[in-house]
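Input: a single structure, listed below in structure tokens.
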Amino acid sequence: MYFEDVREWQGTAEALTKELKRQIKHLELSIESPALRTIRSWRAKQLLSQPKGQEFGFRQILEGLATALLLKKGWTLAAITQVLPSFSDDTLEMQILAEAQGQDPTWLPTITATALPLPTGHRPAMNLAEDAVVLLAQGIIRQYERVLPGQQIVRQEDSTLPPELYQAMCKLGRLYIEEGLSDRAACVHTVLDNARYSLGCDRWQLRIFNQSDFRFSSVTLIDPDLRVPTSDCAEIANLSGAFGEDNVIEHRLYTQLCEATERLGGRRQHKAYTALRELFGRYSLIGERQLLDYLVENDLTPLQGMIVEKFFDSVPDIWLVDGLAHRCAHCGTLMRSHPNKKLFSQGRCPIRQCIGHNSPKVSEKLDPKDILRIAEPRILTYWTGPAIDELAIFDTARQNKLNAELYPESDLCDVAINERAIGIDAKSYTSPVTLALRLNRSIGGLIHYRRRILAVSDRLIEDNPSYISTLKSTLDKKGDPASLEIMSVSSVIDFLKKMPYANQT
């Protein structure tokens, strides 16, 4: 069998270089053997998980072969660093042998949520950390489902605490103890509060979350302002395969909207879906009279009761600023009173895609006596925030007199140009690896378009200049993901502005 003679192998960087060359020849892999200088560079970048003060071993042979194979596929070192640690030795062997046999494996990471023994080194601790995050993401979604109807609250002693959340707290507690700290995951309220911050920030105080090979460092599981599980949270919860799509919040929200618009039947159904999504994107803060006028104008009065009850809330007094409702000048939603009056004297926008990239600015101050409605937090998180880029693309297309459709056929994509000629989806996942994993499973409705464009938020690229390169390198190089064109939102807008001129030539 392959690798049987090297399972107990140990050696220096020079010896590893020779062994990799031998294995590449033996397996007949169509890759170049890395030089000694390359091996040392990979070690410095922590692609090779050599324990400090120890020689290289069998694991590093597998990591070296896998790295060379993934580089040939076009992956960046940053992407490989994030994904490679999730593979066990057995899985790495299978992936490498599949490559040797010309099977072209997808190289999707295998994350499990099974119990692990007490960590005795870097790899077991890293596996435990990733298991804890997957379980935490699942537990957050389960807990959110329970409190959403408004009949339950989060209780530390509650026997109905989701088992995924409880198991995540146990694993996090073990990580704290292993790092010589007191258990800071014993209180569910503390854990959920910390989940509003990125895992790699000081709030968590776990060194392992800041390791270069911990791929969830940039992930925030709960929206810091809206208290709703993020898209990253839902995606990570699905990585282990324990959750079906029906349990993902955004999918359930989409299902609710589709079930409502289906009552209208036929083409009216799709038109209603687009009108409602545009309503949530443009008018998340709206007066009751304006809302009713919008519903009449778009032939949505049969759904009036459901829309007001399920998708909008009354504006609470606690969100008012000096007794008035302040509308954000950038995204149009309700700004909220903030303790830091010096910095946010007029309030602060809760939309992640808006806050932090725009200075707080009020477009108008509304009297709550006029009966104001605000889209409920799930809508703001999953539809209002992403709509900032989606509507910018759509509006540009219309301004340039292109045949553009918003959310066609109940959301095959965000914007379609010339019917099925071009489909555009705007994405705002904070983690490029998380987005790539989802796209590797399915590119969704873009499959129906001849040209498929994925637009990445410029704000994400500003925060992470390597976002697009990491995303591209992690996408499968064959099949549907390989057909995607990855562009920034601003590049898509520039592309659309030039289209009319191109059509005239």
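Pairs over the 28 Å Cα-Cα cut-off, from the set K361/K401; K18/K73; K341/K427; K21/K73; K45/K477; K427/K477: K361/K401; K341/K427. Between amide H atoms placed 1.01 Å from N, distances below 5 Å from G287 occur with R373, all of them 5 or more places distant or on a separate chain. Rounded to the nearest 5, the antiparallel percentage of DSSP beta bridges internal to the chain is 65%.
Per-residue 3J(HN,Hα) values for the range 30-45, derived from phi via the Karplus relation 6.51 cos²θ - 1.76 cosθ + 1.60 with θ = phi - 60°, read 8, 9, 7, 6, x, 7, 4, 4, 5, 4, 5, 5, 4, 5, 5, 8 Hz in sequence order (x marks Gly and Pro). Using the Cβ-Cβ distance between S30 and Q54 with R0 = 30 Å, the FRET efficiency computed as 1/(1 + (r/R0)^6) comes to roughly 0.40. Computed with every protein chain present, the accessible area of K271 is close to 140 Å² [probe 1.4 Å]. Sorting 66-79, 14-27 by their mean Cβ neighbour count within 10 Å, with the most densely packed peptide first, gives 66-79, 14-27.
Taking 7 Å steps out from each Cα toward its Cβ at S363 and L324 produces label points 1.6 nm apart. Solvent exposure of E4, expressed as accessible area, is near 90 Å², computed with a probe of 1.4 Å over the protein chains only. Between the range 374-446 and the range 1-69, the C-alpha centres lie 43 angstrom from each other. For the set Y283, Y449, the ranking by accessible area, highest first and with no ligand, DNA or RNA atoms included, is Y283, Y449 under a 1.4 Å probe. Of the GluC sites (Glu not before Pro) found in the range 131-222, those in coil by DSSP whose Cβ has at most 13 other Cβ atoms within 10 Å are E157, E179. Taking Rg and Dmax of the Cα atoms in Å as the quantity of interest, determine which of [x] 22.9, 79; [y] 25.0, 79; [z] 24.2, 89 was computed from the displayed structure. Read-out from the structure maps to [y].
Residue-wise HN-Hα couplings along the range 318-326, as the Karplus relation 6.51 cos²θ - 1.76 cosθ + 1.60 with θ = phi - 60° gives them from phi, are 5, 8, 7, 10, 6, x, 10, 8, 9 Hz; Gly and Pro carry x. With everything on Cα atoms, drop me the angle between helix 163-178 and the longest principal axis of the chain, reported from 0 to 90° to the nearest 10. Roughly 50 degrees between the two axes.
Taking amide H positions as modeled 1.01 Å from N, with prolines and chain starts lacking one, the residues under 5 Å from F312 and 5 or more places away or on another chain are E376.
Of the whole protein surface, W9 contributes about 50 Å² of accessible area at a 1.4 Å probe radius.
The value of relative contact order for the range 346-424, using C-alpha pairs under 8 Å at least six residues apart, is 19 percent. Residues whose amide H falls under 5 Å from that of V362, counting only those 5 or more places apart or on a different chain, are A329, with hydrogens built in the peptide plane. Helical runs (DSSP H, four residues minimum) scored at -39500 (n - 2.57) apiece and divided by the length of the chain put the mean residue ellipticity at 222 nm at -13500 deg cm²/dmol. Summed over the residues of the chain and divided among them, the accessible surface reaches 46 Å² per residue at a probe radius of 1.4 Å. Here the 3J(HN,Hα) profile of the range 281-286, calculated from phi with Karplus coefficients 6.51, -1.76 and 1.60 at θ = phi - 60°, is x, 8, 10, 5, 10, 8 Hz, Gly and Pro shown as x.
Computing FRET efficiency as 1/(1 + (r/R0)^6) for V296 and R267, where r is the C-beta to C-beta distance and R0 is 25 Å, gives about 0.85.
Within the shell defined by Cβ-Cβ distances under 11 Å, the residues around S490 carry a net charge of -2, with Lys and Arg each +1 and Asp and Glu each -1.
The values are calculated or read from the model by the stated rules, or taken from the named source; none is laboratory data. Bear in mind the structure is a predicted one, so any value in this text is a computation, not a measurement. FYI the Cβ positions are ideal-geometry reconstructions off the backbone, even for glycines, and counts take in every protein chain you see. Protein only, heavy atoms only, side chains kept; ligands, DNA and RNA dropped before computing areas. Shrake-Rupley method; radii C 1.70, N 1.55, O 1.52, S 1.80 Å.
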